[in-house]
Amino acid sequence: MVAGAKRVSSRVKRLKGLSMANGTSLLGRASTKLAELNQSAADARAAVELAKIGVPYLPWPASAIAPSALLSILNDMEINDRQHIVEFGCGLSTVYMAMIAKRTGAKIVSFDDNPEWASLVQGWINRVDAAAACSIVVAPLTSNPHALDGNKWYDRTVVEAQLVGATVDLILVDGPIAYTQEKRLARYPALPNIADRLSGDCAIFLDDVRRSGEREIAERWAKEFGLTFEYHTSRGGYAKAVRGNAFYAAF
């Protein structure tokens, strides 16, 4: 009788544990699905606004910056009158930023390590007649004193030559490629390499913070440079920090 009661009690405990595990799993899946729906809704709304800028059709692959993240960057450029912008990793974002810069008088320097990709993006820039507002610079990946885990970063001499005398008030970090485990911290050197060129009033954007590597990079930057990052994981997948005075511009 006692042994039978113990067996029943053990089964009840197992069932409770299974029920709790299933509940947690369901809650996790529901949370993930909700985040995906929020992202889709935000990107759909952002796409409507981006269409007003007048950029002709361009391919928008899954690896490109999310429309909602891009709109937040453009908002910041416009609302806070960013005039000196540096981007690491050119692409669709470069074209749209150049369209805003063409109207506001801002200047953009975008670095990329892939000559073929840089040439393609330059063609898009030319197509929208925004070349005067944006320079795309090819900078091969080389060793860097700030690199982590044996990664390489954009040629420091090329970057420094392009930024002589510049005071940067917006930086977008979306390169180099960092989607593999070995390269997860490849984007870390961006801020250490140009921190002394940042304006007292500036915005720092880091894309792909749903990934653990970029999340760690943002945490390191926050600690090392006294920054506070906002994480927009379900509305663009980016992190943003602001130094100095600025109007709130997140989409």
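Observations
- Of the residues making up the range 131-169, not one is touching an Asp or Glu at 6+ places or on another chain (Cβ under 8 Å), of a type in the set (Asp, Glu) and within 22 Å of GLU116 (Cβ to Cβ).
- Annotation: ALA203 fulfils all but one of (1) over 19 Å from SER68 (Cα atoms); (2) assigned to a strand (DSSP E or B); the unmet one is (1).
- Residue within the range 219-231 that is assigned to a helix (DSSP H, G or I) and open to solvent by less than 30 Å² (accessible area, probe 1.4 Å) present: yes
- The condition (being within 27 Å of ARG45 (Cα to Cα), surrounded by fewer than 21 Cβ atoms within 10 Å (Cβ to Cβ) and at pLDDT below 95) is satisfied by just one residue among ALA241, ALA250: ALA250.
- Qualifying residue in the range 168-175 (condition: in a loop (DSSP other than H, G, I, E, B) and either surrounded by 15 or more Cβ atoms within 10 Å (Cβ to Cβ) or in contact (Cβ under 8 Å) with a residue 60 or more places away in the chain (or both)): yes
- Residue in the range 189-197 that is in a loop (DSSP other than H, G, I, E, B), modelled with pLDDT of 95 or more and either under 23 Å from MET77 (Cα atoms) or not acidic (Asp, Glu) (or both) present: yes
- Selection count, the range 186-200, where residues are farther than 21 Å from THR142 by Cα and of a type in the set (A, V, I, L, M, F, W, C): 1
- Residue pairs whose Cβ atoms lie under 7 Å apart, separated by 6 or more positions or on different chains, with the first residue in the range 131-155 and assigned to a loop (DSSP other than H, G, I, E, B) and the second among the aliphatic types (A, V, I, L, M), are ALA139/VAL158; ALA139/VAL159; LEU148/LEU185; ASP149/LEU185; ASN151/LEU185; ASN151/ALA186; LYS152/LEU141; ASP155/ALA139.
- Pairs where the first residue, in the range 20-43, is acidic (Asp, Glu) and the second is surrounded by 10 or more Cβ atoms within 10 Å (Cβ to Cβ) and at pLDDT 75 or above, C-beta under 7 Å, 6+ apart: ASP43/ALA66; ASP43/PRO67; ASP43/SER68
- Single match in PRO61, PRO67 (criterion: closer than 25 Å to THR233 by Cβ, open to solvent by less than 70 Å² (accessible area, probe 1.4 Å), modelled with pLDDT of 95 or more and out of contact with any Ser or Thr (no Cβ under 6 Å at 6 or more places or on another chain)): PRO67
- Residue within the range 70-89 that is under 17 Å from ALA132 (Cβ atoms), of a type in the set (A, V, I, L, M) and surrounded by fewer than 21 Cβ atoms within 10 Å (Cβ to Cβ) present: no
- Residues in the range 103-118 that are assigned to a loop (DSSP other than H, G, I, E, B), open to solvent by 10 Å² or more (accessible area, probe 1.4 Å) and under 18 Å from ARG82 (Cα atoms): GLY105 only.
- Just one of the numbered conditions (1) free of Cβ contacts under 8 Å to residues at least 60 places away in the same chain; (2) open to solvent by 80 Å² or more (accessible area, probe 1.4 Å) is not true of VAL121: (2).
The values are calculated or read from the model by the stated rules, or taken from the named source; none is laboratory data. In this text the structure is predicted, and so the values were computed from the model without any measurement. Note: ideal-geometry Cβ built from the backbone for every residue, glycine included; neighbour counts use all protein chains shown. To get the accessible areas, we keep the full protein, side chains included, count just its heavy atoms, and leave off ligands, DNA and RNA. Shrake-Rupley method; radii C 1.70, N 1.55, O 1.52, S 1.80 Å.
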